[in-house]
Amino acid sequence: VARCLKGALIGAGNIGIMGHLPAYLDKDGIGGGVEIVAASDLSENNLRELKKLLPTARAYTSTEELLSKEKLDFVDICTPPNTHMSIIGMAVQKNLHILCEKPLAPTIEDVSSIREMVKNKKIVFFPCHQYYYNPQWKIVQDALNKNEISSPFYARFEVFRLNASMGNPSWCPSWRVDPTQGGGIVTDHGTHLMYLASSILGPPVAVTAKTRKFRKDKYPVEDTASIILEHERGISNIFLTWASSHRGFNFSILTPSCDVVVKDEFVAFMKNGESRKVKIPDNLSKSSTHKNLYPELMENFFTRVENNDIQMDFFEEAAISAKCVFATYESCSKNKRVEIK
Ligand SMILES: NC(=O)c1ccc[n+]([C@@H]2O[C@H](COP(=O)([O-])OP(=O)(O)OC[C@H]3O[C@@H](n4cnc5c(N)ncnc54)[C@H](O)[C@@H]3O)[C@@H](O)[C@H]2O)c1
């Protein structure tokens with residue numbers, strides 16, 4: 001039976017319009033069997049922009065009103081993290097499947113409440129952990145799956161950015177650097193590296209971290225973080241900054257069989273002075289919307305929806321990443337190692 005799913009885009013800001021919508025508009029891809037029939041956003045201007053791209057969508061400035069009027073199978077939540085809990089709550093009431101942007105939520109209490117809302121419900125919850133789908137990571141994951149490299153014991157990730165990404169100008173562009181709404185680079189970017197690290201090194205056990213505001217003139221939140229995560233099977237070291245003079249994403253992984261060194265342009269498998277390099281034509285650091293990474297992520301979400309695959313594994317992955325973020329801040333403020341429970 002051909003797929004025929006109807007959904008609503010909740011939040012027509014930057015990632016909604018530039019990251020998610022292109023996948024739905026591709027009628028040879030996801031958009032072949034999935035239709036966005038409605039969208040909500042707090043800005044009329046953003047809704048007008050959305051209607052230019054998707055004239056058939058009904059536009060709402062109230063998510064509550066949208067959910068009360070539309071007949072849907074799923075919602076795609078592209079709003080800031082401090083709104084996720086209430087939107088998820090409303091979607092669960094309507095038994096809608098949920099695709100949700102990262103990070104899951106700004107507090108541990110929100111994470112627990114969301115778990116209570118979604119567990120034991122017949123809905124799929126799927127976080128936007130799209131770094132799994134970047135070409136470099138897929139090469140490494142493929143080598144691990146095929147046992148070409150053995151299980152890693154160490155990973156180091158480095159994210160260099162010139163600035164914090166801004167939200168769209170029609171709403172509240174600075175929410176990401178507002179301590180009451182977004183948090184700093186750990187909240188905004190840390191999540192991605194925390195689930196990647198945990199996926200290869202096992203559940204995180206403890207964190208020791210330092211954050212700094214090197215650009216006090218620009219941001220009231222931390223712009224740089226150096227994080228050591230202890231995992232069940234090894235250690236990860238995560239460096240994040242919005243205070244860099246270049247944009248880049250590098251990582252390296254040590255395994256008993258070889259080292260894997262990954263830059264924007266290549267993945268190199270290195271052993272005893274020999275290196276096998278795989279070139280990457282399209283790199284992850286080019287754009288903050290990661291437009292090319294969403295179709296595969298969404299395909300996995302919709303496959304789960306079709307198969308009624310309601311496991312909580314992806315929810316728990318988002319919850320663990322959120323816990324790592326909170327423990328990172330606690331480690332900084334208490335100046336000590338913090339266990340992650
Ligand atoms: N996965 C990624 O790599 C990635 C990249 C960018 C953004 N994001 C995430 O996507 C989310 C949005 O980020 P953005 O950059 O698009 O921000 P943005 O500010 O450009 O857009 C957010 C939009 O949400 C709308 N909004 C707020 N509350 C709402 C509500 N209750 N109902 C409906 N709309 C509401 C606002 O009007 C705004 O237009 C954040 O959680 C962010 O962390 C993820």
Counting only residues that are under 16 Å from Ile17 (Cα atoms) and open to solvent by 40 Å² or more (accessible area, probe 1.4 Å), which one in the stretch 168-185 is nearest to the chain's Cα centre (by Cα)? Pro173
Can you find a residue that is in contact with a Lys or Arg (Cβ under 9 Å, 6 or more places away or on another chain), under 22 Å from Pro173 (Cβ atoms), within 14 Å of the ligand (Cβ to nearest atom) and open to solvent by less than 70 Å² (accessible area, probe 1.4 Å) anywhere in the stretch 23-36? no
Residues in the stretch 21-53 that are part of a loop (DSSP other than H, G, I, E, B) and within 24 Å of Met90 (Cα to Cα): how many? 3
Selection from the stretch 12-22 of residues under 25 Å from Glu306 (Cα atoms) and open to solvent by less than 10 Å² (accessible area, probe 1.4 Å) yields Gly16, Gly19, His20, Leu21
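Mind checking which residues of the stretch 140-172 are in a loop (DSSP other than H, G, I, E, B) and of a type in the set (D, E, K, R)? Reasoning before the result, please.
Here is the first cut: in the stretch 140-172, the ones in a loop (DSSP other than H, G, I, E, B) are 146-153, 161-172.
Matches in the stretch 140-172: Lys146, Glu148, Arg161.
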The one condition Ala59 fails out of (1) without any contact (Cβ under 8 Å) to a residue 60 or more places away in the chain; (2) within 13 Å of the ligand (Cβ to nearest atom); (3) part of a strand (DSSP E or B); (4) closer than 24 Å to His290 by Cβ is (4)
Starting from residues that are open to solvent by 10 Å² or more (accessible area, probe 1.4 Å) and among the small types (Gly, Ala, Ser), keep the ones in the stretch 84-104 and report whichever is nearest to the ligand (Cβ to nearest atom). Ser86
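Hey, any hits in the stretch 70-78 for a residue that's within 14 Å of the ligand (Cβ to nearest atom), of a type outside the set (A, V, I, L, M, F, W, C) and in a helix (DSSP H, G or I)?
Here is the first cut: in the stretch 70-78, the residues within 14 Å of the ligand (Cβ to nearest atom) are 70, 75-78.
Right, trim to of a type outside the set (A, V, I, L, M, F, W, C) and you get 70, 76.
Within this subset, residues satisfying the condition of being in a helix (DSSP H, G or I) are none.
No: zero hits.
Answer with yes or no whether Ser112 is within 24 Å of Pro179 (Cβ to Cβ) and not hydrophobic (A, V, I, L, M, F, W, C). Before you say what the answer is, go through the steps one by one.
On the way: within 24 Å of Pro179 (Cβ to Cβ): yes; not hydrophobic (A, V, I, L, M, F, W, C): yes.
Answer is yes for this residue.
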How many residues are more than 16 Å from Tyr132 (Cβ to Cβ), among the polar types (S, T, N, Q) and modelled with pLDDT of 95 or more if we restrict to the stretch 280-307? 1
Conditions: (1) open to solvent by 10 Å² or more (accessible area, probe 1.4 Å); (2) away from the ligand (no atom under 16 Å from the Cβ); (3) more than 27 Å from Thr83 (Cα to Cα); (4) at pLDDT 95 or above. Phe160 meets all but one. Number of the miss? (2)
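For residues that are more than 8 Å from the ligand (Cβ to nearest atom) and either open to solvent by less than 20 Å² (accessible area, probe 1.4 Å) or among the charged types (D, E, K, R) (or both), tally how many sit in the stretch 37-53.
Narrowing the stretch 37-53 to residues more than 8 Å from the ligand (Cβ to nearest atom): 37-39, 44-45, 47-53.
Going one step further and asking which of them are either open to solvent by less than 20 Å² (accessible area, probe 1.4 Å) or among the charged types (D, E, K, R) (or both), we end up with 37-39, 44, 47-52.
So the answer is 10.
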Filter the stretch 1-22 down to residues that are more than 10 Å from the ligand (Cβ to nearest atom) and not aliphatic (A, V, I, L, M) and give me whichever is modelled with the lowest pLDDT. Arg3
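The values are calculated or read from the model by the stated rules, or taken from the named source; none is laboratory data. This one's a predicted model, so the numbers in the text were calculated from it and none came from an experiment. When we count neighbours, we look across all protein chains shown, and the Cβ atoms used for this are built from the backbone with ideal geometry, even at glycine. These area figures cover heavy atoms from the full protein model, side chains too; ligands, DNA and RNA do not enter into them. Shrake-Rupley method; radii C 1.70, N 1.55, O 1.52, S 1.80 Å.
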